[in-house]
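A.B. asks: Quick one: this structure, given as structure tokens, is what I'll be asking you about.
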Amino acid sequence: MLDRVQNPLNMGSVVRTASAERVEHLYLIESASPDSPKAAKTAMGTERYIAWSAFDDAASAMAAARSDGYRIVAVELASGARPLHELDLTGAVALALGNENHGLSATVLEGCDAVGFIPQLGRVGSLNVAAATAIAVYEARRQQWTQGPARTSMT
């Protein structure tokens, strides 16, 4: 779930990562389109492998994800957030990441089932949204792989 991700290059990178890790669906809230020429160029054709839906507001996107059976986990440096690797990311989970400059909207943060952050040891306090997405998706997959041979779905 991408909340107001505006840069088409970030969108293309997210799409490519999502396709590589077999993410089933992207829920896009007021975000750049994966079909834009710049996003498609960065995605290198992988946009054809992923389904996505665009929403004008966070509440609708969250309702759609929940209707599709997903728990929503925010990835954000926020009060009360826990290290991402300590959260249960197994089963059907939608990872919510936010705008390049402002992060997730209050609506998304308040409506999530859990909030996690990516622990960082360096002097930089945050990551590019595309890099954060790659780390978060991989952590969810890692947890699912350690559960055993059954594959679970994620968005």
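A.B. asks: Could you check the stretch 1-22 and list, in sequence order, the residues that are among the basic types (Lys, Arg) and in a helix (DSSP H, G or I)? Steps first, answer last, please.
C.D. replies: Kept after step one, since they are among the basic types (Lys, Arg), are these residues of the stretch 1-22: 4, 16, 22.
Within the stretch 1-22, just Arg16 meets the criteria.
A.B. asks: Among the residues of the stretch 83-106, write down those that are among the polar types (S, T, N, Q), over 13 Å from the mean Cα position of the chain (by Cα) and either within 21 Å of Glu30 (Cα to Cα) or open to solvent by 30 Å² or more (accessible area, probe 1.4 Å) (or both).
C.D. replies: Step one: of the stretch 83-106, the residues among the polar types (S, T, N, Q) are 90, 99, 101, 105.
Next cut, over 13 Å from the mean Cα position of the chain (by Cα) only: 90, 101, 105.
Residues satisfying the conditions are Asn101, Ser105.
A.B. asks: For the stretch 1-39, give me the residue count where each residue is among the small types (Gly, Ala, Ser) and in contact with a strand residue (DSSP E or B) (Cβ under 8 Å, 6 or more places away or on another chain). Walk me through how you get there before you give the answer.
C.D. replies: Within the stretch 1-39, the first condition is being among the small types (Gly, Ala, Ser), and the residues that meet it are 12-13, 18-20, 31-33, 36, 39.
If we keep only those that are in contact with a strand residue (DSSP E or B) (Cβ under 8 Å, 6 or more places away or on another chain) too, we end up with 18, 31, 33.
Going through the stretch 1-39 one residue at a time, the tally reaches 3.
A.B. asks: Condition first: surrounded by fewer than 16 Cβ atoms within 10 Å (Cβ to Cβ), more than 14 Å from the chain's Cα centre (by Cα) and without any contact (Cβ under 8 Å) to a residue 12 or more places away in the chain. Can you find one or more residues in the stretch 39-55 that meet it?
C.D. replies: Yes, the stretch 39-55 has at least one match.
A.B. asks: Where the second residue is assigned to a loop (DSSP other than H, G, I, E, B) and open to solvent by 20 Å² or more (accessible area, probe 1.4 Å) and the first is basic (Lys, Arg) and lies in the stretch 71-83, which pairs have Cβ atoms under 6 Å and are six or more apart or on separate chains?
C.D. replies: Arg71/Asp113
A.B. asks: Using the structure shown, decide if Gln143 is open to solvent by less than 70 Å² (accessible area, probe 1.4 Å) and polar (S, T, N, Q). Break it down stepwise before answering.
C.D. replies: Numbers: open to solvent by less than 70 Å² (accessible area, probe 1.4 Å): yes; polar (S, T, N, Q): yes.
When the stated conditions are applied, Gln143 passes them.
The values are calculated or read from the model by the stated rules, or taken from the named source; none is laboratory data. Since this is a predicted model, take the numbers as computed values, not measurements. Every residue, glycine as well, gets a Cβ built from its backbone with ideal geometry; the counts of neighbours run over all protein chains shown. Just so you know, the surface numbers come from the protein's heavy atoms only, side chains and all, with ligands and any DNA or RNA stripped out. Shrake-Rupley method; radii C 1.70, N 1.55, O 1.52, S 1.80 Å.
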